[in-house]
Amino acid sequence: MVAPRLEIDLDKIYHNAHELVTRLAEHRISVTGITKASLGSVEIANAFLQAGVTGLGDSRIENIKPLRLAGNHVLFSDVPMTLIRSPMLSQVAQVVRFTDISCNTEIEVIKQLSFEAQKQNRIHQILLMVELGDLREGIMPDDLIDVVGEVIGLPHIFLKGIGANLACRCGVVPDATNMALLSDLTAQIESVFNLTLDVVSGGNSANLRWALSADSRIGRINNLRLGEAILLGRETLRRQPIDGLSTDAIKLVAEVIESKVKPSLPTGDIAQTAFGDAQPVSDRGLVRQAILAIGIQDIDPCGMQTPTGINVLGASSDHLIIESSENKLFVGEELAFELDYCALVRAMTSPFVSKIYSSRQGVPPAYAFGKMRSQTLI
Ligand SMILES: *Cc1c(COP(=O)(O)O)cnc(C)c1O
């Protein structure tokens, strides 16, 4: 079989998505399925939708466009698509054309979205992102009312709601305090402007622990944007497996191209390597060393969960060097790894890594999506 490859089990992704959608529904929270780690994969987006997510989101218009456009998948066109990164001014025309909703923090951008939406005769919906302490995107809470005042005066723009994003830049934990602030801000906007906000999007996979804990006060939060927890089956604050979810829905398989017994210590003077300073190594005498035909171009070597008895020793662009403490590996042999988010994103975006989808339980392949949708969803 072709190698390297990502083996993507759509049944497990469907199961993970369905579990989270169901558990959150008990708290009246809807799920927007985030496709950015999968490079806008139509198959994965399809599994999300079959599992009951209420919309799809991605950080890049380049990933959203094919979902919306691809010939057989035109039925994706009635799924709400959200751009979850603030639009580039240079892309506002595409944002209006290919998405329904975008997350925003800059009035300058929203004015341009309004201008483009008028030109295209569309209504563009926006979520205003609020800064709650993680110091990535977001309007400072004290400025929010003023921004809302400007936004609701703009033609062809509909203020769909507000949102926040934590645990991305600084690891700030979503908790009762910051989530209550988001709820309070919602209520403030509604009373000052006498309107109702449809969506209060509390965050990402890092919000699950808060959202699902028995004593949490959900307040006005009614949406989460989930990617990693669905794909990898782990919460993202401590990367612990989530009860009842699969952590091996996606596996990376790579092939051995060299297998030898070599010294564990290099010979000669040591200077920089292909990627900077050499890592210290310990003397373990002779070891079984093998090379896999995959490298830093395709994978984050630190983000690979190795099978027992296998350790990653190092990597360069095209070579992953491993040590096998138990058995000799054979040239041509394949090894499978679970991945963390960083390694997954790298592998997904590498054109050298094939993506092989499987589904035994009938999560329909994307080409059947049109038929499936008309049978089950309408
Ligand atoms: C990436 C991202 C998400 C999804 O995060 P996961 O950890 O994959 O669930 C949600 N919202 C925003 C704004 C993001 O950038």
Seminar exercise, completed: Length gained, R136-E190, 0.36 nm per residue minus C-alpha separation, equals 16.9 nm
Problem set entry | Added length on full extension, which subtracts the Cα-Cα distance from 0.36 nm per residue, Q297 to D175 | 40.2 nm
Exercise. In whole angstrom, how long is each semi-axis of the equivalent ellipsoid of the range 1-107, when you take the square root of 5 times every eigenvalue of its Cα gyration tensor and sort them from largest down?
Worked result: 24, 19, 13
Exercise. What is the gain in length, in nm to one decimal, between E333 and D11 on full extension, counting 0.36 nm per residue of separation less the C-alpha to C-alpha distance?
Worked result: 113.3 nm
Seminar exercise, completed: Lys and Arg at +1, Asp and Glu at -1: neighbours of Q94 with Cβ under 15 Å from its Cβ sum to +3
For this session: Find the relative contact order for the range 9-232 and round it to a whole percent, using C-alpha pairs within less than 8 Å whose residues are 6+ positions apart.
Result: 18
Seminar exercise, completed: Among R284, R217, R122, the residue with the largest mean-square fluctuation in a Gaussian network model of the chain built from Cα contacts under 10 Å is R284
Exercise. Roughly how many Å is it from the Cα centre of the range 106-133 to that of the range 176-197, as a whole number?
Worked result: 20
Problem set entry | Most to least packed among 189-197, 35-43, 334-342 [average Cβ atoms within 10 Å] | 35-43, 334-342, 189-197
Seminar exercise, completed: Any residue on another chain or 5+ positions along whose placed amide H is under 5 Å from the amide H of Q120 is listed here as none
For this session: Quick one: which residues, 5+ away or cross-chain, put their amide H under 5 Å from the amide H of S316? H built at 1.01 Å from N.
Result: I296, I321
Seminar exercise, completed: So, with points 7 Å from each Cα along the Cβ direction, the M88-V281 label distance in nm works out to 4.1
Seminar exercise, completed: Kirkwood Rh over alpha-carbon pairs of the chain plugged into Stokes-Einstein at 20 °C, 1.002 mPa s gives a D in µm²/s of 95
For this session: Starting from the Cα of K251, draw a straight line to each of the aspartates and glutamates and keep only those under 15 Å, dropping any in the same chain fewer than 8 residues away.
Result: E7, D9, D11, E228, D298, D300, E334, E338, D340
Exercise. Counting pairs of alpha carbon atoms under 8 Å apart in space and at least six apart in sequence, what relative contact order in percent does the range 1-119 give?
Worked result: 18
Exercise. With θ set to phi - 60° and the Karplus curve 6.51 cos²θ - 1.76 cosθ + 1.60, what are the ³J(HN,Hα) couplings of the range 236-242 in order, to the nearest whole Hz, using x for Gly and Pro?
Worked result: 10, 7, 10, 6, 8, x, 8
Seminar exercise, completed: Going residue by residue through the range 225-231, the Karplus relation 6.51 cos²θ - 1.76 cosθ + 1.60 with θ = phi - 60° gives ³J(HN,Hα) values, rounded to whole Hz and with x marking Gly or Pro, of 10, 10, x, 3, 4, 6, 6
Exercise. For the range 250-339, what log10 I(q)/I(0) values come out of the Debye formula at q = 0.14, 0.17, 0.21 1/Å, with one point per alpha carbon and no solvent?
Worked result: -0.49, -0.72, -1.10
Problem set entry | Relative contact order for the chain, counting Cα pairs under 8 Å that sit 6 or more residues apart, in percent | 19
Problem set entry | Magnitude of the charge dipole, the chain, Cβ model with Lys/Arg +1 and Asp/Glu -1, debye to 20 | 860
Exercise. Quick one: Debye curve from the C-alpha atoms of the range 136-264, no solvent, what's log10 I(q)/I(0) at q = 0.21 Å⁻¹?
Worked result: -1.22
Exercise. If you take the Cα Rg of the range 9-232 and divide it by 2.2 N^0.38 Å, with N the number of residues, what do you get?
Worked result: 0.97
Problem set entry | Rounded to whole Hz, the Karplus (6.51, -1.76, 1.60) HN-Hα couplings of the range 87-104, x for glycine and proline | x, 6, 3, 5, 10, 4, 4, 5, 4, 5, 6, 9, 10, 9, 9, 9, 8, 9
For this session: Count the DSSP beta bridges whose two residues both fall in the chain, then state the antiparallel fraction as a percent rounded to the nearest 5.
Result: 45
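Quick note: the coordinates plus some simple rules give every number you see, no bench work behind them. Being a predicted model, the structure only gives us computed values, none of them experimental. Backbone-built Cβ (ideal geometry, glycine too); neighbour counts: all protein chains shown.
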